[in-house]
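Any read-out appearing in this document is the output of simple, stated calculations on the displayed coordinates, not a laboratory observation. From a predicted model like this one, the values you see are computed outputs, not experimental measurements. When we count neighbours, we look across all protein chains shown, and the Cβ atoms used for this are built from the backbone with ideal geometry, even at glycine.
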Amino acid sequence: MDPPIGQVLSRYPFLHFDLQEYLSSIKHAEQLQEDFKLFLHFLDARTPASMPEDEIKHRILDDLASNLSTDVPAYSALSKRRSLQQLPIIDKTIVTRQPRAFVNGSLPLGQLWCHSTFGTSGVPILVAYSAAFYFHQLLLAVPKIVARATRAVSAPETLSYAHITDASGVSRVLQYPVRSAAPAFRLIYDQSHRGSLSRLLDLLRELRPSALTSRPELYAAITSDDMMPRRLGHYRPQFVISSGSLLDKPLRRRLADVFQARVIDAYAMSEFGLIASQCPKERLHIDNTNHVAECLNEEGRPALGEGELTLSSTANRAMPLLRYRTGDQGKVSTAPCECGSPGQTLESLTGRRVPCFTLETGQLYCPTQFNGIFSRFPVFQFQIRQLGDKSLEVLIEPDPGVTDVDDLMTGISRHVQQCMPCPMRIKVASARFNYDNTKFLRYRVLS
Ligand SMILES: [Zn+2]
């Protein structure tokens, strides 16, 4: 039996609870239940009356014709398009330069939730979420992933899980807006503090969430520590969910071994939330209740084999993105899957892999901790590389208005050192990056 929220908060006073957010979520409780029901319907519908990918294409075109072409400046000339293929393709750089052109002007600004992309492969983009979409991603993403993988979750509020992140913020508890819901947690692993990992593991042992979710590079850092799995005691989650970048086979095996849990791979982006997750047959199914995918060649035409994955969705009414180039390569299939779920699957997805840096102790360090450089310093672009002697080289392209680059480099060097749990040799240099190169990687390990 999961402890009620009050008991959790009195026992762990350092966990935050956003009462205002919770009260807002109650207004969306009914919609959340409906959304989850629709998801379950298609999950089990072996012969649905209509295919989910066709339904969503129609919905997108209807939304465009009825309101989005007037409410979203970027789509003002697109109301009469009869198929998705007639819409222009959107490049990330356009959204980076003109984010407001994609924001729905009919929604009051005070009701939007803003979130920045991580910027691991490019300049961060500020994404606006409608309240409905925000709560959908906050509260349904993990239950959907576990339901897809196991068919065992029939009500999202029954699943207790912990999302482990290194992003700035506070550890907090989330409550699904229905009675006797299992709490969910967002727990921070701050790698710059030596005691942070043992505190995280102690908490997991006490809270005992059924599922863990995090990014592969953070799992790699956590499981490289010698105190794992001794510190977990008898606690083992049932599911370990990985999303955000590419999960390679050795790490997948290591996660299964350390946690003795089922590992589930999922594909998500800040711009769209949860995009796809694995079924019992380990194929990645696109969540066609929210998105539709295309795979395009370099000319922007449907690719015969692998191509660039392009996504369309109007689920986020605040900032709907249509035919948006993800920068990831893969193949979209509608061939039936043995698991019985209809809809699109993703074959051979080649997402980005974020390499970890190695500390002198041999422990791995997840470099996405440095993503905060964008919000702290006036830099347009940066890259951090670990060289063969374990030192770090930070290349920065300052914002055009910066006059004292030396001062900026000193500040960044100090910040990078503060983010590390032990002293490192750090060299900062100025650079110009090639923006035609779509394979830009923010973090690299050069041996
Ligand atoms: Zn399947």
Next item on the list: Using the charge dipole of the chain (Lys, Arg: +1 at Cβ; Asp, Glu: -1 at Cβ; taken about the Cα centre), state which of Gly307, Leu207, Leu68 has its Cα farthest towards the positive end.
Entry: Leu207
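Does segment 318-401 come out rounded, prolate or oblate, given a ≥ b ≥ c as the square roots of the eigenvalues of its C-alpha gyration tensor, rounded meaning a/c under 1.5 and, failing that, prolate meaning a/b above b/c?
oblate
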Check: Given Ala162, Asn371, Cys295, which one lies farthest toward the positive end of the charge dipole of the chain, if we put +1 on the Cβ of every Lys and Arg and -1 on the Cβ of every Asp and Glu?
Finding: Ala162
Check: Considering the chain as a Gaussian network with a 10 Å cut-off on Cα pairs, which listed residue, Val142, Val405, Val332, attains the greatest mean-square fluctuation?
Finding: Val405
Notebook entry, point to check: Fewest to most neighbouring Cβ within 10 Å: what's the order for His41, His163?
Noted result: His41, His163
Next item on the list: Scan around Glu347 for amide H atoms under 5 Å from its own, H built in the peptide plane at 1.01 Å from N, and keep only partners 5 or more places away or cross-chain.
Entry: Lys331, Val332, Ser333
Next item on the list: Mind sorting Met269, Met228 by how few other Cβ atoms lie within 10 Å of their own Cβ, fewest first?
Entry: Met228, Met269
Checklist line | For the chain, built as a Gaussian network whose Cα springs stay under 10 Å, the top-fluctuating residue of Gly372, Gly388, Gly244 | finding: Gly388
Notebook entry, point to check: What is segment 357-445's relative contact order, in percent, from Cα pairs under 8 angstrom and six or more apart in sequence?
Noted result: 32 percent
Note to self: Rounded to the nearest 20 debye, what is the charge dipole size of segment 139-263 about its Cα centre when +1 sits on each Lys and Arg Cβ and -1 on each Asp and Glu Cβ?
What the structure shows: 380 debye
Next item on the list: Pick out, from Ile26, Ala101, Gly233, the residue whose Cα sits farthest towards the positive end of the charge dipole of the chain, with +1 on the Cβ of Lys and Arg and -1 on the Cβ of Asp and Glu.
Entry: Gly233
Checklist line | Anisotropy class of segment 259-355 from Cα gyration tensor, a/c 1.5 cut | finding: rounded
Margin query: Test of understanding: ordering Asp63, Asp166 by Cβ neighbours within 10 Å, fewest first, what list do you get?
Written below: Asp63, Asp166
Check: Which one of Ala315, Ala45, Ala266 has the biggest mean-square fluctuation once the chain is modelled by GNM with Cα springs under 10 Å?
Finding: Ala45
Next item on the list: Taking the Cα centre of the chain as origin, work out the dipole magnitude from +1 charges on Lys and Arg Cβ and -1 charges on Asp and Glu Cβ, in debye rounded to 20.
Entry: 620 debye
Next item on the list: Would you please state the base-10 log of I(q)/I(0) at q = 0.06, 0.08, 0.09, 0.12 1/Å for the chain, with intensities from the Debye formula using one equal scatterer on every alpha carbon?
Entry: -0.26, -0.47, -0.60, -1.12
